[in-house]
1. Counting only helical runs of four or more DSSP H residues, what would the 222 nm mean residue ellipticity of the chain come to if each run contributes -39,500 (n - 2.57) and the total is spread over all its residues?
2. Please order Glu84, Glu43 by the number of other Cβ within 10 Å, starting at the fewest.
3. Would you be so kind as to identify which of Tyr109, Ile99, Gly77 lies farthest towards the positive end of the dipole of the chain, taking Lys and Arg as +1 and Asp and Glu as -1 on Cβ and the Cα centre as origin?
4. Compute the angle between helix 179-190 and the longest alpha-carbon principal axis of the chain, please, reported from 0 to 90 degrees and rounded to the nearest 10.
5. Nothing charged except the Cβ atoms of Lys and Arg (+1) and of Asp and Glu (-1): what's the magnitude of the dipole of the range 50-190 about its Cα centre? Round to the nearest 20 debye.
6. If you line up the long axis of helix 95-107 against the longest principal axis of the chain, both from Cα atoms, how many degrees apart are they, to the nearest 10?
7. Could you list, in their original order, any pairs among Lys14/Lys172; Lys3/Lys24; Lys25/Lys172; Lys24/Lys180; Lys3/Lys172 whose Cα atoms are separated by more than 30 Å?
8. Can you give the alpha-carbon Rg of the chain over 2.2 N^0.38 Å, where N counts its residues?
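Read the figures in this text as sums done on the coordinates, not as results from a lab. This one's a predicted model, so the numbers in the text were calculated from it and none came from an experiment. Neighbour counts run over all protein chains shown; Cβ positions are idealised from the backbone, glycine included.
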Amino acid sequence: MSKTADRVRIVDVKLLSDDWYVLKKTIFDYQRADGIWQRQSRETYDRGNGATVLLHDPLRRTVVLTRQFRMPAFVNGHDGMLIEAPGGLLEEASPEERIRAEVEEETGYRVHAVRKIFEAFMSPGSVTEKLFFFVAEYDAAAKIGDGGGVVSEGEDIEVLELPFDEALAMIKRGEIVDGKTIMLLQYAALNALV
């Protein structure tokens, strides 16, 4: 079988929405593994790529997470207040630059040494976003502000410093349901970061 690009023929692309981010409908022909061409239609939501980080203090065995309102979770039956690892969209910055800025805006901690651990598509069936995952150590001296996010961007973020074991228990109890945060906490557990 040939490379994937040879198996996809774009027939039509329609812009459905360009309000918050970009929603497009693409009609395309796809050559299946059996050689048959099949017409398909998919909607893709493009919000750009992002970055997220787990701040951890290995000496005190703590992590810094955030809590904020998320409308998509709310309309899906959750109360909308999600506990998450800090993060945000790249907005044309490098992942490393953006995550350091996001951490400071959201949590009030200034970190310099961030380590990329992996990249992942979080919802590849409909969202184009790729996330860059980082870990970074913090301590009390790194706290330079209150955090809370950028008010003009609609952010109202609560900063949470939690014992690492409690954060893991919150996953089991269903209190942490954000995928990127679960992935980072599991990574920390598997690699004995905290």
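1. -6000 deg cm²/dmol
2. Ranked by crowding around the Cβ, least crowded first: Glu43, Glu84.
3. Gly77
4. Relative to the chain, helix 179-190 is tipped by roughly 60 degrees.
5. 520
6. 50
7. Lys14/Lys172; Lys25/Lys172; Lys3/Lys172
8. Here the answer is 1.19, to two decimals.
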